[in-house]
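Notes for the one structure printed next.
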Amino acid sequence: MIDFAPLAGCRYTVIGDPITHSRSPEMQNAGFAALGLGRPYGRLRVPVEELPRFVEFARKHLDGVNLTIPHKHHILKELAGISREADLCGSVNTLLIRKGELYGETTDGYGFSEAVREAFGLATEGLRAVFFGAGGAARAVVFFLAEHGAEAIRIVNRTRERAEALAEALHDAYPGVAVETAVPGDRAKVREFLAGADLAVQATSQGLHREDPPPFDLELLAGFQELACFDMIYHRTPFLERASELGHQTSGGAGMLLHQGARSLELWTGKKAPVEIMRQALAAAQQAG
Ligand code: NDP
């Protein structure tokens, strides 16, 4: 049974299961406080079977929610409305609650593109990217990139069918974008993808633990120093470390977390997010562990 006590006095929250690792409250509360809006953002563990009870609570007591694993898809059936982008990628990470009705948005793609622009100076327009992973995060991002002018999206995933299903959905929505797939064992194809790309994105959950084997043979990166390497995971991963040794520019996923959160704050408040203040709060929270 969920205990709603941690949300006393809150109008916003992040939910997930697990959730203790989430640094969104520190980051969002710094943003709200800088806008003179207090510290109204909480954190709540919501097991998937309790989502309907949480929704009932949110309709009455909250103005906005961020969602993380495992809720980004399960929430869809509860929505009164959804943005075109969230609808296309089938995933919602932000709820706006108006008069007891839930509206779904996704800000992951925006967060990713801002992070990549900031880290590498790469624009979404004309971008050629190789994604390792075809889960919810990759899906949200590739649709955003296609919508905003990317030229080519290559998807490499352990489960071939999942990569192909994503590629097909992307091609149907954006026939002008070059979309191809491979599995990590298709070494020649992966090399070909990397040779023709500006950006490689590690979008699997491999690397969350130091002992995780990489999702593909990292030596395949050798010789393509111009290729920027981005990992959606927040900390330094074996992918980032090896890419760095091979001479690539690298970035972890903290910038994506920052910018997706800043965009959520803007959607809720209608005000420009104090991004630098939120960045500092996020870095401090991550350092504190
Ligand atoms: P999903 O569970 O939806 O997808 C997981 C992906 O990882 C799938 O492509 C899966 O492949 C792959 N994978 C899992 N285990 C292995 C393995 N042993 N070997 C190879 N591939 C594997 O997760 P999400 O897409 O939601 O999240 C992916 C990562 O992105 C997570 O680490 C998450 O923390 C991070 N993330 C970061 C964000 C940020 O703001 N920086 C925002 C959202 C997510 P398969 O299809 O074969 O199972």
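The set of residues in region 190-214 being under 24 Å from D108 (Cβ atoms), at pLDDT 95 or above and not aliphatic (A, V, I, L, M) consists of F193, D198, Q202, T204.
Considering only residues that are touching a strand residue (DSSP E or B) at 6+ places or on another chain (Cβ under 9 Å), within 9 Å of the ligand (Cβ to nearest atom) and open to solvent by 20 Å² or more (accessible area, probe 1.4 Å), which ones fall in region 184-211? Once the filter is applied, which keeps residues that are touching a strand residue (DSSP E or B) at 6+ places or on another chain (Cβ under 9 Å), within 9 Å of the ligand (Cβ to nearest atom) and open to solvent by 20 Å² or more (accessible area, probe 1.4 Å), region 184-211 yields P184, T204, Q206. When each of R158, R210, R236, R162 is tested for being of a type in the set (K, R) and assigned to a helix (DSSP H, G or I), the lone residue that passes is R162.
Quick grid of which residues meet (1) in contact (Cβ under 8 Å) with a residue 40 or more places away in the chain; (2) more than 11 Å from the ligand (Cβ to nearest atom); (3) not aromatic (F, W, Y):
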residue	(1), (2), (3)
R98	no, yes, yes
E101	yes, yes, yes
G104	no, yes, yes
D108	yes, no, yes
G111	yes, no, yes
A115	yes, no, yes
G121	no, yes, yes
T124	no, yes, yes
A140	yes, no, yes
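Can you tell me which residues in region 45-85 are open to solvent by less than 30 Å² (accessible area, probe 1.4 Å) and part of a helix (DSSP H, G or I)? Within region 45-85, E50, L51, F54, V55, A58, H71, I75 qualify. On the given criteria, is A243 touching a strand residue (DSSP E or B) at 6+ places or on another chain (Cβ under 8 Å) and open to solvent by less than 30 Å² (accessible area, probe 1.4 Å)? Yes.
Going by what's in this entry, would E168 be described as part of a helix (DSSP H, G or I) and near the ligand (Cβ under 10 Å from one of its atoms)? So E168 does not fit the description; no. Considering each residue of region 111-119 in turn, at least one proves to be of a type outside the set (A, V, I, L, M, F, W, C), in a helix (DSSP H, G or I) and either open to solvent by less than 10 Å² (accessible area, probe 1.4 Å) or not assigned by TED's automatic domain parsing to the domain that holds L227 (or both). Going by what's in this entry, would A140 be described as open to solvent by 10 Å² or more (accessible area, probe 1.4 Å) and part of a helix (DSSP H, G or I)? So A140 fails the test. Among the residues of this structure, Q280 does not count as one that is at pLDDT below 95, assigned to a helix (DSSP H, G or I) and open to solvent by 30 Å² or more (accessible area, probe 1.4 Å). Residues of region 213-233 that are open to solvent by 20 Å² or more (accessible area, probe 1.4 Å) and either within 9 Å of the ligand (Cβ to nearest atom) or outside any helix (DSSP H, G or I) (or both): P213, P214, P215, D217, A222, G223, F224, Q225, E226, M232.
For region 53-79, the set of residues classified as of a type in the set (A, V, I, L, M, F, W, C) and under 20 Å from the mean Cα position of the chain (by Cα) consists of V65, L67, I69, I75, L76, listed by residue number.
Residue check: is H259 of a type outside the set (V, I, T), open to solvent by less than 30 Å² (accessible area, probe 1.4 Å) and more than 16 Å from the ligand (Cβ to nearest atom)? No, not satisfied.
The values are calculated or read from the model by the stated rules, or taken from the named source; none is laboratory data. Keep in mind that what you see is a predicted model, and the values were worked out from it rather than measured. Neighbour counts are summed over all protein chains in view; Cβ atoms, including those assigned to glycine, are modelled from backbone coordinates with ideal geometry. The accessibility values were calculated without ligands, DNA or RNA, using every heavy atom of the protein model including side chains. Shrake-Rupley method; radii C 1.70, N 1.55, O 1.52, S 1.80 Å.
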